[in-house]
Amino acid sequence: MIVELGHFALILALGVAFLQMVVPLVGAHKGWRNWMELAAPAAATQLMLIGFAFAALTWAFLSSDFSVRLVFENSHSAKPWLYKLTGVWGNHEGSMLLWVLILTAFGAAAALFGNNLPLPLKARVLAVQSSIGVAFLAFILLTSNPFLRFDVAPMDGRDLNPLLQDPGLAFHPPFLYLGYVGLSMAFSFAVAALIEGKVDAAWARWVRPWTLAAWMFLTVGIALGSWWAYYELGWGGFWFWDPVENASFMPWLLAAALLHSAVVVEKREALKSWTILLAILAFGFSLLGTFIVRSGVITSVHAFAMDPERGVFILAILAFFVGGALTLYAARASAMESKGVFGMVSREAGLVLNNILLAVAALVVFVGTVWPLVAQMLLGRVLSVGAPFFDAAFTPFMVALAAVLPIGSMLAWKRGDIARSLRVLWPALVLALLLAALAWTLGTGRSMLALVGTALGTWIVAGAATDLWQRTGRSGAARLLRLPGADWGKAVAHSGLGVTILGVSLLMAWQQEDIRTVALGSTYEVGSYGFTLNGVDELDGPNYRTLMADVTVTQGASEVARLFPEKRFYPVAAMPTTEAAIDNGLFRDIYVVIGDPQDDGSYAVRTYVKPFANWIWGGAILMALGGLLSLGDRRLRVAAGAAKTSRSAVAAE
């Protein structure tokens, strides 16, 4: 009965979404206040209905109701409760329901916190947001209904993909969807502004918090996915340039560009047209990611292997919203004239260069991701575009971005002075060069990657610290803690990028890898560490069998760690997984993977010593923290700015 009520709630939500799409839009056009005011309660009602539907599906999974087809295909009675919960969104249908739930949650949040928005703009934003909901609710009900039942319930389920039965994957998709779908708010604000024919500083202040929230969630989601791939897949890497990884990375790059260009609109009323375009493209690439994951056009451990018909439906949604928005964008070009004028050397010019580098980097990733599909469809050739292409084509843009970032942050608005900025930044430059020399020395000249990465990472971190200190003026440390959250947020986020660059470059330059067969009781060395395979036991887990090794790690005469890598087999899914054992440290990870037994009784063992691995995800955490600090400050500024606008309007009346 609960499942049927969830299905019925989903149908009602489609009806409410349609009303929210049409009535406020007509009201804004006609100037009918009552019609415009319908948008807020409709958004709240839509959230409650879809929330109930999601709760009903969650109940079906947690109670192991195998009469529901989706539960049967993605769960099992012996599975731990956390992975039963993960099963709700660990499949196509359930993840689409989560997608729409987050979409409506953002719409309801805009209705709740957007009281200072002009009513026509608020009505149009919520109507555009709801139109996206109409499209995806129709997609779910027509092609991907999660509430289908069997006439006769099976005794047990088929289990969830074992690779997804992991704590990292329990939280990775929700954060990623919060980022993907959060960009719909920037899209809705952009389309609403195009309909009104008005883009100004107030619009930029309103759109930035939503974009910042989406970018922050997307940062966390990507970092969780990278971390999961690092420790779960057993291959020792953190990024594979997989098409699904790229599908989340492209909107992240464009969202970062959007955040910076919106600053120029807010401060100088310039780059209006470009900022609107970025808002459209950022959400468009989110929809593209949805298509890539669910269309079946690519094969990936991250993808839902779905039939092409559903892919065509999503492609039609993508074409309608992005194509429609771009058509409206072309029609309203005259309404987006920039008022601000700035010199070639200025903060604005620095942000323009930032945007160009981020946008071109996203284009490089896009070309590398879709070119194999294009080549296969149009040329009939099977091509593979892998890490060598992306490393060679993408890295130069990130190097350039890292090099100019501290200087651009220090330039004055309208007209700046590069020489003055460099005079302030010279201690940061000296520190970057000294640490780069140290990295080159420690690496005995093996790789330029360590030198360049150390220099750039240190340059960004030290530059961010210098920028923050300069903002204190003559007050020095006394004023440091009283600086606005936005200043702290920018410094912390930029520092996070620098820390990630340091981690990536030093890991890739200095990591040590060893693959061999090891007899029980024997010892081998990797770098300065000794590894002893004490034994291998067969054990039973909750819903799997495991081959667990016992490895002692020593350095000199001291024991450093005791590691227990596993090779698991899930009998219901008939699928093996590799569970790496990792001894995490601030400056290095020791990473051991147990492989198959050999004919002579030995075991295949893969061992890595990975320097600065955790700096990669530590930098991502800092970037997200920087977004959070800025978000707290932005809420106050948006409210203050909107309040001033409202008071001015009242006074004018």
> For segment 540-558, which residues satisfy the criterion of being in a strand (DSSP E or B) and over 17 Å from Ser522 (Cβ atoms)?
Replying inline: Asp540, Arg545, Thr546, Leu547, Met548, Gln555, Ser558
> What single numbered condition from (1) surrounded by fewer than 17 Cβ atoms within 10 Å (Cβ to Cβ); (2) touching a Phe, Trp or Tyr at 6+ places or on another chain (Cβ under 9 Å); (3) without any contact (Cβ under 8 Å) to a residue 60 or more places away in the chain fails to hold for Phe394?
Replying inline: (1)
>> As an exercise: evaluate Asn115 against (1) touching a Phe, Trp or Tyr at 6+ places or on another chain (Cβ under 6 Å); (2) surrounded by fewer than 17 Cβ atoms within 10 Å (Cβ to Cβ) and give the number of the one condition it does not meet.
In response: (1)
>> Can you tell me which condition Trp371 does not meet? The list is (1) surrounded by fewer than 15 Cβ atoms within 10 Å (Cβ to Cβ); (2) under 21 Å from Ala462 (Cβ atoms), and all the others hold.
In response: (2)
>> Going by what's in this entry, would Leu160 be described as buried (at least 18 other Cβ atoms within 10 Å of the Cβ) and either in a loop (DSSP other than H, G, I, E, B) or at positive phi (or both)?
In response: yes
> Can you tell me which residues in segment 562-577 are assigned to a strand (DSSP E or B) and either surrounded by 18 or more Cβ atoms within 10 Å (Cβ to Cβ) or more than 37 Å from the chain's Cα centre (by Cα) (or both)?
Replying inline: Leu563, Glu566, Lys567, Arg568, Tyr570, Thr577
>> I'm trying to understand the selection: among the residues of segment 205-254, which are among the polar types (S, T, N, Q) and farther than 24 Å from Ser384 by Cβ?
In response: Thr211, Thr219
>> Looking for something of a type outside the set (A, V, I, L, M, F, W, C), at pLDDT 90 or above and either in contact with an Asp or Glu (Cβ under 6 Å, 6 or more places away or on another chain) or assigned by TED's automatic domain parsing to the domain that holds Trp206 (or both) - is there at least one such residue anywhere in segment 282-297?
In response: yes
>> Can you pull out every residue in segment 400-454 that is among the aromatic types (Phe, Trp, Tyr) and either surrounded by 18 or more Cβ atoms within 10 Å (Cβ to Cβ) or in contact with a strand residue (DSSP E or B) (Cβ under 8 Å, 6 or more places away or on another chain) (or both)?
In response: Trp440
>> Looking at Val220, Val191, can you tell me which residue is outside any loop (DSSP other than H, G, I, E, B) and either under 20 Å from Thr104 (Cα atoms) or out of contact with any Phe, Trp or Tyr (no Cβ under 7 Å at 6 or more places or on another chain) (or both)?
In response: Val191
>> assigned by TED's automatic domain parsing to the domain that holds Ala60, in contact with a Pro (Cβ under 8 Å, 6 or more places away or on another chain) and buried (at least 19 other Cβ atoms within 10 Å of the Cβ): is that true of Ala127 in this structure?
In response: yes
> If you go through segment 533-549 one residue at a time, how many are over 16 Å from Arg606 (Cβ atoms) and more than 35 Å from the chain's Cα centre (by Cα)?
Replying inline: 6
>> Can you find a residue that is more than 27 Å from Val16 (Cβ to Cβ) and at pLDDT below 95 anywhere in segment 132-151?
In response: yes
> Which of the residues spanning segment 421-456 are touching a Leu at 6+ places or on another chain (Cβ under 9 Å) and farther than 21 Å from Pro611 by Cβ?
Replying inline: Ser421, Leu422, Leu429
>> Condition (residue is among the β-branched types (Val, Ile, Thr) and under 28 Å from Leu411 (Cβ atoms)) applied to segment 357-364: is it met by at least one residue?
In response: yes
> For segment 46-79, what are the residues that are within 27 Å of the chain's Cα centre (by Cα) and assigned to a loop (DSSP other than H, G, I, E, B)?
Replying inline: Ser75
> Is it true that Leu507 is touching a helix residue (DSSP H, G or I) at 6+ places or on another chain (Cβ under 8 Å) and within 27 Å of Ala359 (Cβ to Cβ)?
Replying inline: no
>> Looking for something outside the structural domain of Arg545 (by TED's automatic domain parsing), over 21 Å from the mean Cα position of the chain (by Cα) and in a loop (DSSP other than H, G, I, E, B) - is there at least one such residue anywhere in segment 83-98?
In response: no
> Do we have any residue at all in segment 259-269 that's under 30 Å from Val592 (Cα atoms) and aliphatic (A, V, I, L, M)?
Replying inline: no
> Just one of Met575, Met548 is in the same structural domain as Thr607 (by TED's automatic domain parsing), of a type outside the set (D, E, K, R) and touching a strand residue (DSSP E or B) at 6+ places or on another chain (Cβ under 7 Å); which is it?
Replying inline: Met548
> If you take the residues in segment 489-503 that are of a type in the set (A, V, I, L, M, F, W, C) and over 15 Å from Gly443 (Cβ atoms), which one is surrounded by the fewest Cβ atoms within 10 Å (Cβ to Cβ)?
Replying inline: Val492
> Does segment 104-122 contain any residue that is modelled with pLDDT under 95, among the aromatic types (Phe, Trp, Tyr) and assigned to a helix (DSSP H, G or I)?
Replying inline: yes
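The values are calculated or read from the model by the stated rules, or taken from the named source; none is laboratory data. The structure displayed is predicted, hence computed values, not measured ones. Because the Cβ atoms are built from the backbone with ideal geometry, glycine has one as well, and the counts that use them run over all protein chains shown.
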